[in-house]
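Step one of this worksheet: look at the structure below.
What follows is calculated from the coordinates using simple rules that are stated; it is not laboratory data. As the structure is a computational prediction, the values presented were derived from the model and not from experiment. Every residue, glycine as well, gets a Cβ built from its backbone with ideal geometry; the counts of neighbours run over all protein chains shown.
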Amino acid sequence: MKRKITKKLAAAVCAAAMIMSMSAFSVSAAEDSIVIAVDADVDTLHPSDFSTTVEMDVLNQIYDTLMYMNPDGEHEPEPRIAESYEISEDGMTYTFHLRDDITFHDGTPLTAADVKFSLEMYQQSPYQGSQVTGLSSVETPDDYTVICHLENAYSPFLLGVCSVHIASQAYYEASPDEFASTPIGSGPYKYVGRNNGSNLTLEAYEDYYRGAPSIKNVTFEIIPDASTKAIALQTGEVNFAEIESASMIQLQANPDITIAEVPTSGFTYISMNLEQEPFNDVRVRQAINYAINRENLVAICYDGEAEVNSNICSKDRFGYSDEQFQYTYDPEKAKELLAEAGITTPYNLGKLLVAEKYSNIATVVQNDLRAVGLEVEIEVEEFNAYLNNLTSGNYGITALNMTLEGDTQMLEMAFMTEYIGTANNARYSDEEMDALFTSAAAETDSEKRAEIYNEIFTKAQEEAIYAVLCNPLILYAYNTDLSCPEFALEGFYYIYDFQWQS
Amino acid sequence: MAKYTIKRLLYMIPVLFGVAFLVFTILSLTPGDPGTIILGITAKPEDIAALNAEFGYDQPFLIRFFNYIGDIIFHFDLGTSYQSRQPVIEDIIARFPNTLKLTIFSMSLSAILGISLGILSAVRQYSKLDHICVVTALIFASIPGFWLGLMLLLIFALKLRVLPSYGAGTLRHFILPTLTVSMTSAAGLLRLTRSAMLETVRQEYIRTAKAKGASEKRVIWKHALRNALLPVITTLGTSFGASLGGAIIAETVFAMPGMGTLITTAIRQKDIPVVMGSTLFLATLFSLIILIVDLLYAFIDPRIKAKYQSGGKSRG
């Protein structure tokens, strides 16, 4: 009997070996295809009612915008659907002149009515409505002219309106249900289909007005695990992916893979509740700013893949200037400031509240604070519970990362009184600051605007409203054979610009 | 027997109602609201409130619960996801086949490996083979699933390049996840089968069977195995049911869309309809499987069958 069982086992092992060796699994990227790995599935493909980065990355390929504008706010807009634009002198009227040769993926022409429809859809959207802040009404004198009237002069409008996806009004009216699930845009790629939870495919729109894309087939594969993604990149199953800093060393060693480090405006920071003692004392906040060794934090928590910066405005953003004060690591100065504030160390600051994913940052911060005599006790909370406490001001000190992308004006959310309860986590309220942000929004002259921002961030640094630590980098890993143009701030990518090198 | 089956099916109603109430309560007690989670903290409070109202999340807890139950009973509607605005049933239809396949493959493999090696180990107690089996089982039972999955990936996908590293498109995609899931449960089954067999072969009726001259083969297969198999089948049944809930680790490591990742993602996003819908779906399946396991006893053990037929309440 023993022999018989052994035989059966051997047979089973052989069978298994045969299945595996039937054909060695090999991947060679077809010249005209690309596989992109993303972290999560899309929940919707609605042009305006989306909320995640993955959804935006997919929609950016399907939908086109009026203009393309580099998010750093320093470059002139490039023509897309609109060939040219004018801004009236009072800054309250934006006129766009559209191309007349643009068609949607279903072949229907794109006209001013579609632009009006899309802008109004954004206006109604709780998801992306902030992109058209200030817009009061849209007028279409003819099929290829769109005039946007603003409530007040609002300079950030241009960058915002340049991110509006232009959708087809006729398609929306004909099939409102499919509108969000089977998008029809005028961008370089057509939507083909998706498998819930696993992938989504696009194909080139051959009649695209800037010329057919070089890469014809695009597949977004959903791979949530960072290690799996790194392996799939190395086997060639995936050609392009955003990776975590922990995968860097492994991928850098591979000559077939190129890594791009892209700056973002997202900031990792310590927020202190200014309504509570002792954080209402500017010297305590300055001391905390001096106490943190940011280089060390970046090395430990980001594997070095973040830019050290104590200013809430990132270095690539409009309005940043070296004149704005930078806090550097100076524990002695921190101790002096604490002594000045009348704090006898060791002093207990209470709980350092963090969401789970920032617990490593909390540990580094805790250590640095301890070195200057400030004790904190780390309390880790589940993200949703944490958000509740953060926005309702039910905390003393916390560490987190936030993204307020778009125009530099978006940073008003961190400082203006009206945002207490949402993104003004410090619960900072200052009439002068509110007025500065209001005047920056209305200023149409870009030099003057930059000056106002300079004033704002200088003030923010002096008062040490937040203790900003760094701007994490986005890391893209891709086949060395794939040529990608330089990625702009925030790392939005357009597959239309990618090309396989033969 | 039919009467017993119907009775058990009716019991499922209060059980499922209890499950629904419990899960709904727990979800409602956790902090956070779907509007804030979807729109983020930079959104206007009135937009968040409007979205919550659209989901009916502004209603009191009990009203939401009974509305939900009402929709299921009267409209056969499991609800619509807060996140995707698509019917929950579509998510389940898209994901469940992968989970079912993975469960069937891994449970079959672990049953074949676990039970056969367990018997072999018991029959040849203290032999070299027995030692190898026991030690290997101990190792696999202690290896964390994600580590085993990653090692398999590194070896078969990256070094040997014989298998794909992610996805669920073809049968080849299921090989590594199946191995990952089944190794741990096979190890458990092996140990269980072995100890059950060892206990059974010491029973008097086995000695009697041997004494009356039955061959070793007949003693093992006919007398010992049938008796030893009861606890094994119970374990197999419950772990089959449990693994229908999704092998979260294997699903995550191999990027395989299944029920496990569906539910965990939904919990994090406070997508109550998805969590409720999938939990109820799985609870129903689980109850049915347990019922089938109980009925299977009757075929394996005539003593239990006799009890069912005499209308006894005990399930043996």
**Complete:** The lysines whose Cα lies under 25 Å from the Cα of B:Lys3, excluding any fewer than 8 residues away in the same chain, are B:Lys305, B:Lys307, B:Lys313
**Under Karplus coefficients 6.51, -1.76 and 1.60, residue-wise ³J(HN,Hα) of the stretch B:90-97 in Hz, glycine/proline x** = 5, 4, 5, 4, 6, 9, 4, x
**Asked** Where in the stretch A:391-420 is the amide nitrogen less than 20 Å from a point lying 7 Å along the Cα-to-Cβ axis of A:Lys448?
**Response** A:408-410
**Prompt:** Taking the Cα atoms of the protein assembly as shown alone, what are Rg (to one decimal) and Dmax (as a whole number) in Å?
**Reply:** 31.3, 110
**Message:** What distance in nm lies between label points placed 7 Å from Cα along the C-beta direction at B:Arg303 and A:Asn367?
**Reply:** 6.2
**Complete:** the stretch B:92-315: relative contact order from alpha carbon pairs under 8 Å, six or more residues apart, as a whole percent, is 25
**Backbone N under 20 Å from the A:Thr480 label point (7 Å along Cα→Cβ), restricted to the stretch A:236-250** = A:236-243, A:247-250
**Prompt:** Taking A:Lys459 as the anchor, which aspartates and glutamates have their alpha carbon closer than 17 Å to its alpha carbon, excluding any fewer than eight residues away along the same chain?
**Reply:** A:Asp281, A:Asp322, A:Glu323, A:Glu412, A:Asp430, A:Glu431, A:Glu432, A:Asp434, A:Glu451
**Request:** Consider all pairwise Cα distances in chain B and report the whole-number % of them above 37 Å.
**Result:** 33
**Request:** State the extension gain, in nm to one decimal, for the chain segment bounded by B:Arg207 and B:Ile289, taking 0.36 nm per residue of separation less the distance between their alpha-carbons.
**Result:** 26.0 nm
**Asked** Across the stretch A:283-296, in residue order, what do the Karplus-derived ³J(HN,Hα) couplings come to in whole Hz, using 6.51 cos²θ - 1.76 cosθ + 1.60 with θ = phi - 60° and x for Gly and Pro?
**Response** 5, 5, 5, 5, 4, 5, 4, 6, 6, 8, 8, 5, 4, 5
**Request:** Sort B:Met276, A:Met272 so the one with the fewest other Cβ atoms within 10 Å of its own Cβ comes first.
**Result:** B:Met276, A:Met272
**Prompt:** What number, in percent, do you get for the relative contact order of the stretch A:267-472 if the mean sequence gap of Cα pairs under 8 Å and at least 6 apart is divided by its residue count?
**Reply:** 36
**Complete:** Given a Förster distance of 35 Å, the FRET efficiency implied by the Cβ-Cβ spacing of A:Glu379 and B:Phe61, rounded to the nearest 0.05, works out to 0.80
**Request:** Determine ³J(HN,Hα), in whole Hz, for all residues of the stretch A:386-392 in sequence, where each value follows from phi through the Karplus function 6.51 cos²θ - 1.76 cosθ + 1.60 and θ = phi - 60°; x replaces Gly and Pro.
**Result:** 4, 4, 4, 5, 5, 6, 8
**Request:** Could you check the simple spin-label distance between B:Lys44 and A:Glu275, using points 7 Å along Cα→Cβ, in nm with one decimal?
**Result:** 2.2
**Request:** For B:Lys101, go through the lysines and keep the ones whose alpha-carbon is under 27 Å away, minus same-chain ones fewer than eight residues off.
**Result:** A:Lys8, A:Lys229, B:Lys159
**Asked** Counting other C-beta atoms within 10 Å, which of B:Trp147, A:Trp500 has the fewest, and how do the rest follow?
**Response** B:Trp147, A:Trp500
**Item:** Lys, Arg +1 and Asp, Glu -1 on Cβ, resulting dipole of chain B about Cα centre, debye, nearest 20
**Value:** 2140
**Request:** Output the relative contact order of the stretch A:391-475, whole-number percent, from Cα pairs under 8 angstrom with separation of 6+ residues.
**Result:** 21
**Request:** List the residues whose amide H sits under 5 Å from the amide H of A:Leu98, counting only those 5 or more places along or on another chain, with H placed 1.01 Å from N in the peptide plane.
**Result:** A:Glu83, A:Thr145, A:Val146
**Charge dipole magnitude, Cβ of K and R +1, D and E -1 - the protein assembly as shown, Cα centre, debye nearest 20** = 9860
**Item:** Relative frequency of Cα-Cα separations exceeding 24 Å in the stretch A:141-300, percent
**Value:** 66
**Message:** Test of understanding: what is the full-extension gain from A:Asn152 to A:Glu120, defined as 0.36 nm times their sequence separation minus their Cα-Cα distance?
**Reply:** 9.8 nm
